[in-house]
Amino acid sequence: YRTRDITRIIDIKTCECGRTHKKIDRIQGRTDDMFIINGVNIWPSAIEAVLHSNPLVGNEYQIVALLRESGDKLIVRVESIKKLSEDEKALLEKKVRENLKEVVLVDPVVEVVDPSTLPRSEGKAQRIQVVREYT
């Protein structure tokens, strides 16, 4: 089966029940979630991990992959957990940008917005937008 899940085979030891079948580790994401910015594979799960590691970043975020002939751009919009001053937003943007650049190897544009600013959806959150601007 081609599930397009990202995982790995874990140690093949005999299970408590006696089975010796191969087992897979936790699902890390899906290959069809990946997008490419300036030749670098970007996994939304890697971005999410960085965002969730910062205590000032809320649960809502939006990733925009702007694909252009003149060069691609990664834009990450995040909600703060509380209303911040402009100086606090600038500091948080800088910190998140540095952390993302270290992990995903692309220098993103980070925009911190107030809580409850980003759009919400009824079902599965639509957090990733891929915008193609080619002439």
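Table for the structure above
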item: Subset tally (residues that are closer than 18 Å to VAL131 by Cα, in contact with a strand residue (DSSP E or B) (Cβ under 9 Å, 6 or more places away or on another chain) and not in a strand (DSSP E or B)) for region 58-88; result: 3
item: Within region 101-133, tally of residues that are closer than 12 Å to ARG77 by Cα and in contact with a helix residue (DSSP H, G or I) (Cβ under 6 Å, 6 or more places away or on another chain); result: 4
item: Set SER116, SER85: member being over 18 Å from PRO44 (Cβ atoms) and touching a residue at least 24 places away in the same chain (Cβ under 8 Å); result: SER116
item: Failed item, numbered, when LYS95 is tested on (1) basic (Lys, Arg); (2) part of a loop (DSSP other than H, G, I, E, B); (3) out of contact with any Pro (no Cβ under 8 Å at 6 or more places or on another chain); result: (2)
item: Residues located in region 1-55, provided they are modelled with pLDDT under 75, surrounded by 13 or more Cβ atoms within 10 Å (Cβ to Cβ) and either among the basic types (Lys, Arg) or not in a strand (DSSP E or B) (or both); result: GLN28, ARG30
item: Condition met for VAL106 (surrounded by 15 or more Cβ atoms within 10 Å (Cβ to Cβ), in contact (Cβ under 8 Å) with a residue 60 or more places away in the chain and either in the same structural domain as ALA49 (by TED's automatic domain parsing) or outside any strand (DSSP E or B) (or both)); result: yes
item: Filtered residues of region 63-73 (kept if under 22 Å from ASP114 (Cβ atoms) and surrounded by 19 or more Cβ atoms within 10 Å (Cβ to Cβ)); result: ILE63
item: Out of ALA65, ALA90, ALA49, sole residue that is more than 12 Å from the chain's Cα centre (by Cα) and not charged (D, E, K, R); result: ALA90
item: Checking ALA46 against (1) more than 17 Å from GLN129 (Cα to Cα); (2) in contact with a helix residue (DSSP H, G or I) (Cβ under 7 Å, 6 or more places away or on another chain); (3) small (Gly, Ala, Ser), the condition it does not meet; result: (1)
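The values are calculated or read from the model by the stated rules, or taken from the named source; none is laboratory data. Model, not experiment: these values are computed from the prediction. Ideal geometry is used to build each Cβ from the backbone, glycine not excepted, and the neighbour counts take in all protein chains shown.
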